1. Just a yes or no: is a residue in segment 205-212 within 16 Å of the ligand (Cβ to nearest atom) and at pLDDT 95 or above?
2. Scan segment 249-266 for residues that are farther than 20 Å from Glu208 by Cα and open to solvent by 30 Å² or more (accessible area, probe 1.4 Å) and jot them down.
3. How many residues, within segment 184-204, are modelled with pLDDT under 95, open to solvent by less than 70 Å² (accessible area, probe 1.4 Å) and over 20 Å from Leu121 (Cβ atoms)?
4. Just checking, does segment 1-10 include any residue being touching a residue at least 40 places away in the same chain (Cβ under 8 Å), within 16 Å of the ligand (Cβ to nearest atom), among the polar types (S, T, N, Q) and within 29 Å of Ala398 (Cα to Cα)?
5. Does His225 satisfy being farther than 19 Å from Val295 by Cα and within 16 Å of the ligand (Cβ to nearest atom)?
6. Please verify whether His285 is within 14 Å of the ligand (Cβ to nearest atom) and under 21 Å from Ala195 (Cα atoms), treating the condition exactly as stated.
7. Assuming Gln294 fulfils every condition listed in (1) of a type in the set (S, T, N, Q); (2) buried (at least 21 other Cβ atoms within 10 Å of the Cβ); (3) over 24 Å from Gly394 (Cβ atoms); (4) within 16 Å of the ligand (Cβ to nearest atom) apart from one, which condition is it?
Amino acid sequence: MSYLLKSATVTTLGPPTLGRADLRVAAGRIVERGSQLDPREGDEIIDLTGKLVMPGMVCAHTHLYSAFARGMPAPPRTPASFKEILELIWWRLDRALDEETIYWSAVAGALDAARAGTTCLFDHHASPSHISGSLQIVREAIEKVGLRAVLCYEVTDRGGAADRDRGLEENRAFLQWVSASRQSPDEPQPDLFRAMVGAHASFTLSDESLDACAALMREFDAGLHIHVAEDQCDVEDARARYGTGVVERLARHGALNSKSILAHGTHLSDEEIEIARSAGTWFAHNPRSNMNNQVGYAPVERLGERVVLGTDGIGADMFEEARSAFFKGRDARTGLDADSWLRVMANNHRLASGAFGVDLGALREGSLADLIVLDYESPTPLTSDNLAWHLAFGISSASVESVMVNGRFVTRNKQATLDEADLLSQCRRAAEKLWAKMKEL
Ligand SMILES: [Zn+2]
């Protein structure tokens, strides 16, 4: 199936550009871009006059397994610290996950992402009662919805050495699956999945566990996806038990490289930031999650050039996350303006382009056809110079009309290509089952 997208206002974020163009999409890619392309045999012509076409949004840190947290029963008591938030909420939820609820929570999270125009997810998965095979279940769910993703399993010592080893093996199995099924970048239909080595956080990982993660990274030339200094407790633990900072500890174990994502970085010193920057790692900022967990405000203006945005499981609406980042930054008087956040949103495309080895952010010939169509009627002129301010105050996921991933429509004119009502009813059934299980834990 090939498409000729006519007369769209093609909009990119890094650098911000806006211009009327036609795009021809075939075999998962943009195969031609021009001011006036003629239809070819087999092209379906779609008139997008007055519509914006943007690269699909990328979420750099999320947990699809938390999709059923929305409206779940309250914890047995109100958590008094970040560790208690983990123990009383998230670690009860992830322990309750089984094969069925892993699948349906991932379907729910992926549907949410698709609706918001997010086409690529960097997921950080945990399901301690069902570790082996869990990443394939998450993959099947994401594939069902039709999105792109980079998956990993959160290695942790919290369940003992046997579970830690199962987590390592689960990462290995998925890294191997990706290597085996990976096509060359020149293949006509690019594949949808990549893998990282997942780890929970320094404070739940022994030296031996970190070494094992680093060995996997070396073996598969993979990045580490880990929570770093999300709360002060992670910093205090590294100081008390290992006499070092969290980032320095990762560096000492050879667990930092330029493919790695350090989520949060809320409580990092300049020295720690410098170690991560010199290793070229990405920092994933998750402003709504940080506010919700009351862990503090990450020093985003000091984290350097490789900052990306994640939702940390609070849906996958990157327009909303970027807007929250903007307002939080204003409120904290950081001096970060809308253009700063536009650059960060563009970084998310750079991160995903690096992971897949092909361009995901430029909407030019050869780019992957991961794109969204927005119906955004602005009362004021929209230009490449003021795009950032339209993103801060106007453009939202409500404007997303159609979503295409790998050259296939996932939603078209706000209609999902799947039977969404049926899927959501199965999600609700699975959520009830998960909530009942949580009460027993
Ligand atoms: Zn997280």
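The values are calculated or read from the model by the stated rules, or taken from the named source; none is laboratory data. A quick note: this is a predicted structure, and the numbers were derived from the prediction, not measured. Note that we place each Cβ from the backbone using ideal geometry, even for glycine, and neighbour counts take in every protein chain shown. Calculation scope for accessible area: heavy atoms of the full protein, side chains included, ligands and nucleic acids excluded. Shrake-Rupley method; radii C 1.70, N 1.55, O 1.52, S 1.80 Å.
1. Step one: filter segment 205-212 for residues within 16 Å of the ligand (Cβ to nearest atom), giving 205.
Subsequent filtering for residues that are at pLDDT 95 or above retains 205.
Yes: one or more hits.
2. Residues satisfying the conditions are Ser258, Lys259.
3. Residues in segment 184-204 being modelled with pLDDT under 95, open to solvent by less than 70 Å² (accessible area, probe 1.4 Å) and over 20 Å from Leu121 (Cβ atoms): 1 in total.
4. Residues of segment 1-10 that are touching a residue at least 40 places away in the same chain (Cβ under 8 Å), as a first pass: 1-10.
Now narrow it down to the ones that are within 16 Å of the ligand (Cβ to nearest atom): none.
Checked segment 1-10: no residue is touching a residue at least 40 places away in the same chain (Cβ under 8 Å), within 16 Å of the ligand (Cβ to nearest atom), among the polar types (S, T, N, Q) and within 29 Å of Ala398 (Cα to Cα).
5. On the way: farther than 19 Å from Val295 by Cα: yes; within 16 Å of the ligand (Cβ to nearest atom): yes.
When the stated conditions are applied, His225 passes them.
6. Details: within 14 Å of the ligand (Cβ to nearest atom): yes; under 21 Å from Ala195 (Cα atoms): yes.
Yes, satisfied.
7. (2)
Each row is one residue, and each column tells you yes or no for (1) surrounded by fewer than 24 Cβ atoms within 10 Å (Cβ to Cβ); (2) closer than 23 Å to Leu309 by Cβ; (3) within 16 Å of the ligand (Cβ to nearest atom).
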residue: Gly56; (1), (2), (3): no, yes, no
residue: Arg70; (1), (2), (3): yes, yes, no
residue: Ala74; (1), (2), (3): yes, no, no
residue: Thr78; (1), (2), (3): yes, no, no
residue: Phe82; (1), (2), (3): yes, yes, yes
residue: Ile85; (1), (2), (3): yes, yes, yes
residue: Leu97; (1), (2), (3): no, no, yes
residue: Glu100; (1), (2), (3): yes, no, no
residue: Ser105; (1), (2), (3): no, yes, yes
